[in-house]
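The values are calculated or read from the model by the stated rules, or taken from the named source; none is laboratory data. Nothing here was measured: the structure is a model prediction, and the numbers come from that model. Note: ideal-geometry Cβ built from the backbone for every residue, glycine included; neighbour counts use all protein chains shown. To get the accessible areas, we keep the full protein, side chains included, count just its heavy atoms, and leave off ligands, DNA and RNA. Shrake-Rupley method; radii C 1.70, N 1.55, O 1.52, S 1.80 Å.
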Amino acid sequence: TARRADSVTSRIDVERRRIELRKHERIADELRRMAGEDPLTAIANRRTLDIDGGALISACGAGIVSLAIIDVDNFKAINDVHSHLVGDAVLKRLAEVLSAQIRPSDLVARYAGDEFVLVLPGLDAAAAESLRVCVQHATDHEHWEHIAPGLTVTTSIGLATGVGRDGLWPMFADADAALYDAKRAC
């Protein structure tokens, strides 16, 4: 009987360890998700852009890839006139609008503040420009007034197209320069 009791105790200990391990695995999964997701918009954050965006671009090798940087025009004024809560609601909705415009193979990330980045593997310059027009139309014609009366939101978008082997950051620099050109044209 002592042997049987030891066997039962041993099985209980093993089951407790399994339960504890599953609990730790769930916590680790949640921490990984939190580390890669923007807490406000629930899309990829800059860390994920660096890792997954860079990997997406590298995976294209000699293939074509485009990158877009989207910036909310006069975002400070939205916060100042309507409130930071309205500004947060704008960012959340913009993340949804952007996510609806891209393919499953693309990546949308919140880069910083009111800037978002799209990584678009396989999109040449013409296709990226078509997507830019669609994104611009979707954001400019969104019914923002449901967030705050009288609210209008526009965006500026910078595009760059290159080959995957060139990497994320040279393409990012080109898209950033195009973004500033777009902002000056407003």
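Look at (1) closer than 12 Å to Ile69 by Cα; (2) in a strand (DSSP E or B) and you find that Arg132 fails only one, number (2). When residues in the range 49-62 are screened for being open to solvent by 20 Å² or more (accessible area, probe 1.4 Å) and either assigned to a helix (DSSP H, G or I) or at pLDDT 85 or above (or both), 7 of them pass.
Only one of Glu115, Glu96 is within 23 Å of Leu168 (Cβ to Cβ) and acidic (Asp, Glu). Can you tell me which?
Values: Glu96 fails: within 23 Å of Leu168 (Cβ to Cβ).
Within the list Glu115, Glu96, the selection yields Glu115.
The test for being in a helix (DSSP H, G or I), within 28 Å of Ser130 (Cα to Cα), open to solvent by less than 30 Å² (accessible area, probe 1.4 Å) and β-branched (Val, Ile, Thr) does not hold for Val65. Can you find a residue in the range 163-185 that is farther than 21 Å from Leu98 by Cβ and in a strand (DSSP E or B)? Scanning the range 163-185, I find at least one residue that is farther than 21 Å from Leu98 by Cβ and in a strand (DSSP E or B), so the answer is yes. Listed by first and then second residue, the pairs with beta-carbon distance under 8 Å, at least 6 apart or on different chains, first residue in the range 118-134 and under 18 Å from Asp176 (Cα atoms) and without any contact (Cβ under 8 Å) to a residue 40 or more places away in the chain, second surrounded by 14 or more Cβ atoms within 10 Å (Cβ to Cβ) and among the basic types (Lys, Arg), form an empty list.
Within the range 37-48, the only residue that satisfies the criterion of being touching a Phe, Trp or Tyr at 6+ places or on another chain (Cβ under 9 Å) and assigned to a helix (DSSP H, G or I) is Arg46.
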